[in-house]
Amino acid sequence: LVFYKDYQPQILALQAGDIDIIEQAPVLQSVGILNDPNINIISLPSTAHEQVHMRNDKDPFKDPRVRRAIALCLDRNSLVKGLMKGRAQKGNDSPFAAAYPSTDPSVPQREKNIAEAKQLMEAAGMAKGFEATLTLENYLEIPAYAQVIQSAVKEIGGKINLNVMDQGTYFGDVVYGKSPWLDSDMGITDYGHRGVPNVFLSAPLRSDGTWNAAHFRNKDYDNLVTSYIAALDLDAQRASASKIQKLLLDETPIIFGYFYDFLTATRKNVADVHPTAMGQLYLNKASISA
């Protein structure tokens with residue numbers, strides 16, 4: 001095992017043949033090896049994503065119409081094809097990724113709609129736009145994602161200032177009052193893959209959620225999550241999921257723009273490596289050929 005402080009040295013070492021496997025290869029940092037004939041990319045659809053939270057209890061995000069307007073500024077096709085180089089699936093502003101069998105696929109996908117966004121801003125009394133600070137961690141593609149959001153909201157008069165922090169500073173003490181993550185008016189946080197959506201539904205979105213950076217409080221939502229977690233079969237889960245998806249589209253406390261694939265990179269001569277999107281790496285059958 002070889003440890004590196006950053007991804008770029010790992011990628012260079014893989015290309016040079018000094019190492020055989022990179023357990024997780026982030027999309028943007030791995031552009032140079034995605035089509036390298038000497039490298040094999042194992043791509044797993046996952047539920048990992050970057051949450052864009054907006055403080056529901058503070059201006060300018062108190063009004064859900066403003067939050068919906070911001071979400072409507074994003075071109076999710078471009079996020080997937082451009083930012084994530086096709087290695088992601090579109091998000092629909094709820095934790096229910098396409099990878100989950102309980103997700104209701106009949107709920108309409110939110111797409112970019114500047115005309116509707118402007119109407120919402122006008123109805124909210126903010127036709128002249130808004131100004132806000134977006135606090136983010138310097139990790140993976142998050143800074144580039146923040147720039148995409150910053151540019152997108154200009155179409156509705158939004159001015160977003162970026163506050164980029166190292167991860168340790170961003171998360172702070174991970175308690176309210178001592179964490180830029182949990183205290184920021186607007187922020188972007190990375191969430192790793194989960195096999196079921198329960199953590200995503202509870203920690204950042206329930207009224208008593210320990211990671212509720214959006215400060216979202218909605219009794220109907222809380223009850224729906226309780227029903228979802230208690231459901232005993234897939235049909236019952238999907239019934240609750242459908243209601244949750246629609247409620248979150250209406251409220252939009254958090255933007256779920258995309259869910260990115262988990263990429264593992266190996267040298268071409270390495271076989272039978274089996275990663276999981278949770279970060280596990282099974283090497284019991286792995287082999288290297290000459």
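Computed values, structure above
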| read-out | value |
| --- | --- |
| So residue 242, is it open to solvent by less than 30 Å² (accessible area, probe 1.4 Å) and within 19 Å of residue 104 (Cα to Cα) | yes |
| Hits in region 8-22 - residues which are under 23 Å from residue 141 (Cβ atoms) and either in contact with a Leu (Cβ under 9 Å, 6 or more places away or on another chain) or open to solvent by 60 Å² or more (accessible area, probe 1.4 Å) (or both) | 8, 12, 15, 21, 22 |
| Where a residue in region 81-92 is part of a strand (DSSP E or B) and its partner, wherever it lies, is of a type in the set (Val, Ile, Thr), with Cβ under 8 Å and at least six apart | 88/27; 88/80; 89/80; 90/80 |
| Residues of region 103-149 satisfying the condition of being part of a loop (DSSP other than H, G, I, E, B) and under 27 Å from residue 26 (Cα atoms) | 103, 109, 110, 111, 112, 138, 139, 140, 141 |
| Any hit, region 79-93, residues being open to solvent by 40 Å² or more (accessible area, probe 1.4 Å), touching a Pro at 6+ places or on another chain (Cβ under 9 Å) and either of a type in the set (Gly, Ala, Ser) or under 22 Å from residue 197 (Cα atoms) (or both) | yes |
| Where residue 44 falls short, out of the listed (1) surrounded by fewer than 20 Cβ atoms within 10 Å (Cβ to Cβ); (2) touching a helix residue (DSSP H, G or I) at 6+ places or on another chain (Cβ under 8 Å); (3) in contact (Cβ under 8 Å) with a residue 24 or more places away in the chain | (2) |
| Helices (runs of 4 or more DSSP H) completely within region 171-290 that count 3 or more residues being among the acidic types (Asp, Glu) | 234-251 |
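Here is a yes/no grid of residues against (1) crowded, with 21+ Cβ neighbours inside 10 Å; (2) modelled with pLDDT of 95 or more; (3) hydroxyl-bearing (Ser, Thr, Tyr); (4) in contact with a Pro (Cβ under 8 Å, 6 or more places away or on another chain):
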site: 146; (1), (2), (3), (4): yes, yes, no, no
site: 173; (1), (2), (3), (4): no, yes, no, no
site: 181; (1), (2), (3), (4): yes, yes, no, no
site: 185; (1), (2), (3), (4): no, yes, no, no
site: 202; (1), (2), (3), (4): no, yes, yes, no
site: 206; (1), (2), (3), (4): no, yes, no, no
site: 212; (1), (2), (3), (4): yes, yes, no, yes
site: 216; (1), (2), (3), (4): yes, yes, no, yes
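The values are calculated or read from the model by the stated rules, or taken from the named source; none is laboratory data. Small disclaimer: the values here were computed from a predicted structure and weren't measured. Cβ: placed from backbone, ideal geometry, glycine included. Neighbour counts: every protein chain shown. These area figures cover heavy atoms from the full protein model, side chains too; ligands, DNA and RNA do not enter into them. Shrake-Rupley method; radii C 1.70, N 1.55, O 1.52, S 1.80 Å.
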